[in-house]
1. Right, B:ILE51: buried (at least 23 other Cβ atoms within 10 Å of the Cβ), within 14 Å of chain A (Cβ to nearest Cβ) and in contact (Cβ under 8 Å) with a residue 24 or more places away in the chain or not?
2. Filter segment A:77-91 down to residues that are part of a helix (DSSP H, G or I) and at the interface with another protein chain (Cβ under 8 Å from one of its Cβ atoms) and give me whichever is surrounded by the most Cβ atoms within 10 Å (Cβ to Cβ).
3. Scan the helices (runs of 4 or more DSSP H) fully inside segment A:186-287 and keep the ones with 1 or more residues being in contact (Cβ under 8 Å) with a residue 40 or more places away in the chain, over 30 Å from A:GLY115 (Cα atoms) and among the acidic types (Asp, Glu).
4. Looking at A:SER41, A:SER56, can you tell me which residue is assigned to a helix (DSSP H, G or I) and either within 13 Å of A:ALA195 (Cα to Cα) or within 11 Å of another protein chain (Cβ to nearest Cβ) (or both)?
5. Considering only residues that are of a type in the set (S, T, N, Q) and closer than 21 Å to B:THR173 by Cα, look in segment B:84-134 and name the one that is farthest from the other protein chains (Cβ to nearest Cβ).
6. Which of the residues spanning segment B:135-160 are within 30 Å of B:VAL172 (Cβ to Cβ) and either at the interface with chain A (Cβ under 9 Å from one of its Cβ atoms) or part of a helix (DSSP H, G or I) (or both)?
7. Just a yes or no: is a residue in segment B:54-69 modelled with pLDDT under 95 and closer than 22 Å to B:THR246 by Cβ?
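The values are calculated or read from the model by the stated rules, or taken from the named source; none is laboratory data. What you are looking at is a predicted structure, and each value in this text was computed from that prediction instead of being measured. For neighbour counting, all protein chains shown are included, and Cβ atoms are generated from backbone atoms with ideal geometry for every residue, glycine included.
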Amino acid sequence: MTSVLGVLFDGFAYGMLLFLLSVGLSVTLGMMNFVNLAHCSFGMIGGYVTVTLMNSMGWPFLATLPMAFIAAAATSVVFERTMFRRLYRASDLDQCLLTIGLVFASVAAAAYIYGTIQQPVNLPSYLRGSYQVMGVTLGAYRLFLIAFSLVVTAVLVISLEYTRFGAQVRAAVDNQRMARGLGINVDGAFAITFALGSGLAGLGGALAIDIVGLDPSFALAYLVYVLIVVSVGGLGSIGGSFVAATLLGISDMAGKYYFPEIGSFLIYLVMISLLMWRPAGLFGRRA
Amino acid sequence: MTSTDGALAGPQQYLRAQQRWRAIEIVFWLSLLLPFVVTPNYLVLASQVAITALFALSLDLILGYAGIVSLGHAAFFGFGAYTAGILSKHGWGEPLTGLLISGFAAGLLGYLMSFIIARFRHLALIMITLGFGFLLLELANSLGWLTGGADGLQGVKTWPLLGMFKFDLWGVTSYWYSLIVLFILFLVCRRLINSPFGLSLRGIRENAVRMRAVGAESRAHLQKIYTISAAIAGIAGALLTQTTDTVSLGVLNFERSADVLVILILGGAGRLYGGIIGAIIFLVARDQFSGINPQYWYFPIGVLLVVVVLFLPNGILGGLAQIVESERWQRWTANLTPWRKKP
Amino acid sequence: MSTPALSTRGLNKNFGSLVVASDIEIELPQGVRYALIGPNGAGKTTLINLMTGMLKPDGGQIQLGGEEITALGPEARVRRGLVRTFQINSLFPHLNPLEAVTLAVCERQEVSRTWWKPITAYSAEVDEAYGILKTLMLAQVCYRQTRELAYGQQRLLEIALALATRPKVLLLDEPAAGVPRDESAELFAAVTNLSQDITVLFIEHDMDFVFRFASRIIVMVGGRILVEGTPDEISADPRVREVYLGSAHHG
């Protein structure tokens, strides 16, 4: 019984991580239909920024998080302005190829600079321990991760619902042509959203180090999870991403805990079945 | 080249001219025999190239011609490879029938998948192909009793080809075998591309909506080409098993799907020869740079992909074709060879 | 009277709260030339999308030659002879006109399933395609990639593709859209020369052509049929005048 709750807790924390990593891609895909497979490469940048600042410059963990966000966001803007924007009207294939090329290059570059080993991260003591609640062990870091992600989610939802910029983004996701017709600067809104989304991925990359580790294969390994979250949740839907990430986190954790032999197998099977049932995802309105 | 002098010809002559074998094609195929004479120490690599070229050719059918993006084509390659390996391990090492059975098995899997594939486009399609690739990899990993799991399949022994030619260490038999299979299946693909069915595939790639409006059976076409492509990929995988006598999980992994995509795009998709040219360049380059850490190898590959997408959208062959068809080139060659000038 | 070539009964379609088709009842007798006119946003193209199955109606029925086709997909309707062209060119950019029209002919003849015989083995299909291109004055450019053709030639190719399917009912969505006035004569000639066996419904903004060519005219406004009648009746109808004078600047 306690182990069930423990798995649920760990799975939920893991799901929150996946949510941070994927929500940006979901919104930008919904806006521009641009298949950015390099999204997790931006996440990886966040991870390496945190590692570098902590281990080489002695920054405290929490102070590195904003830098991880900024570095990932800034890098993504450079790529968006110089390369991606040229392919918004190109085929899926071209978008896939360009961004998978960037994934390859980023994996190799990370291996060159940092080596292929897992990067260590020394969490501050207040994030290291764990609490016993009704017999269930709750890791302090996972509690922090969950709280942090819930705050981010709340901020995202509120700013999307109640700010002028949020309204523009929603209009662009809903119907890009009509949004342009209404005089909304869709390209500008997209560039900002893109940067914010990549920044969140960078944050996710930094927060992921203690949970899943950080090595150059991160950009590729978590891409698959992120794509599952986005396609199952439905494009452009924050709520959908949240639900899908939670489900994926918990079921992946439970699968690996209870059926270690076929754990990952189940995930892909569930994903394919879900997409066959609803090609546009659980909360998506269009395929 | 087609616009000016072709307009005078009737449609029949025009189409026949389009489908004729060109001298450069014959030269190209003959040149693939050169490794036997020029680089006999590299025949093992040469057969790898031929196998990869065949795999790329199978992807070209669905991606280059029908426009179906697949990030999981290794599923069929790996399925063929394991089928051939398991057959051989359990006592049937005859290569030709093994090849046919593996191709049939992969084709069957492709046929089943095609019901799903034909329904999707865009992100869902990418996800389904990607997920299916991972699914098969995980399945092979879990079924250790059948596949050997992470250790790979042990005890694969392929019998001599036609009962006469043993698979030697230098790869003489392997290269002959792979090259001949590649050539035969290339002929099949060439015929397919030049058929009414091939024309309809290009129609689907160009404009799927319009295909509906001319009453085309697009879904049936897609299912058919997906099955054929899967069968050819399976044959390529079986060739790899038979020429190396090993099968590992590597035949199914994402890198293999991504590599073949890179190879095809680099060479030029939708041109039949693109995959072959791409395979030669990719594998020879990887062999030349095998000294460096394989982790770094993907840096130039990644950059190359970016460059190809941004600046050379039709690959190397597409770029060459553009040069050859450009007016400047035409004028230049016309000056070089005045006897080719038209009256 | 014989069965109408195409008829709709109570056709409805909403996009959210926007009504784009409301209770559309149309009957096209065999071989007629009907024009469908109305201001922008009246739902003309939507109606064609509903008739050809590219949109699913919320309610109502469509019959082709007396046969119920409401549940059929677009491909199946084309095979039964209900064919359309597109207002915005929807062609095969990297195929040449000969290939594109041959493709359509092969699909109609169901020979496009065969992959072991070269296309040159189907000379009847190729000749038929070439013949269609010839009648539409596209033979001279039929080996050029579609994307390189002049705009007006691409509009003609739209019609050629439709003819290759041997339509019984042809729905033309602004055949001359985007073509400069002085060049539209070729397109109107192509439409005028269509076989009398084909029933034609066309959307067009050029009123000269509409009144010259159409035997009857349907006027649509706001997703409804306002009035239907002969050109004389329509030009005399005060409601039509009001619609057109009221929104004349929309062209």
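1. On the way: buried (at least 23 other Cβ atoms within 10 Å of the Cβ): yes; within 14 Å of chain A (Cβ to nearest Cβ): no; in contact (Cβ under 8 Å) with a residue 24 or more places away in the chain: yes.
No: the conditions fail for B:ILE51.
2. So the first thing to find is which residues in segment A:77-91 are part of a helix (DSSP H, G or I), and the list is A:77-82, A:84-87.
Remaining after also requiring at the interface with another protein chain (Cβ under 8 Å from one of its Cβ atoms): A:86-87.
Working: A:ARG86: 13, A:LEU87: 20.
Out of the qualifying residues, it is A:LEU87.
3. On the way: elements: A:186-212, A:218-233, A:238-258, A:263-277.
Here the list reads A:186-212.
4. Working: A:SER56 fails: either within 13 Å of A:ALA195 (Cα to Cα) or within 11 Å of another protein chain (Cβ to nearest Cβ) (or both).
Only one candidate passes the filter, namely A:SER41.
5. The first filter runs over segment B:84-134 and keeps only residues of a type in the set (S, T, N, Q), leaving B:88, B:97, B:102, B:114, B:129.
Those left that are additionally closer than 21 Å to B:THR173 by Cα: B:88, B:97, B:102.
On the way: B:SER88: 26, B:THR97: 23, B:SER102: 21 Å.
If we take residues in segment B:84-134 being of a type in the set (S, T, N, Q) and closer than 21 Å to B:THR173 by Cα, then B:SER88 is farthest from the other protein chains (Cβ to nearest Cβ).
6. Step one: filter segment B:135-160 for residues within 30 Å of B:VAL172 (Cβ to Cβ), giving B:147-148, B:151-160.
Those that are within 30 Å of B:VAL172 (Cβ to Cβ) and either at the interface with chain A (Cβ under 9 Å from one of its Cβ atoms) or part of a helix (DSSP H, G or I) (or both): B:THR147, B:ASP151.
7. no
For (1) on the phi < 0 side of the Ramachandran plot; (2) within 25 Å of the chain's Cα centre (by Cα); (3) of a type in the set (Ser, Thr, Tyr), each residue gets a yes or a no:
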residue	(1), (2), (3)
B:ALA84	yes, yes, no
B:PHE104	yes, yes, no
B:LEU112	yes, yes, no
B:PHE120	yes, yes, no
B:ALA124	yes, yes, no
B:ALA140	yes, yes, no
B:GLY149	no, no, no
B:TRP159	yes, no, no
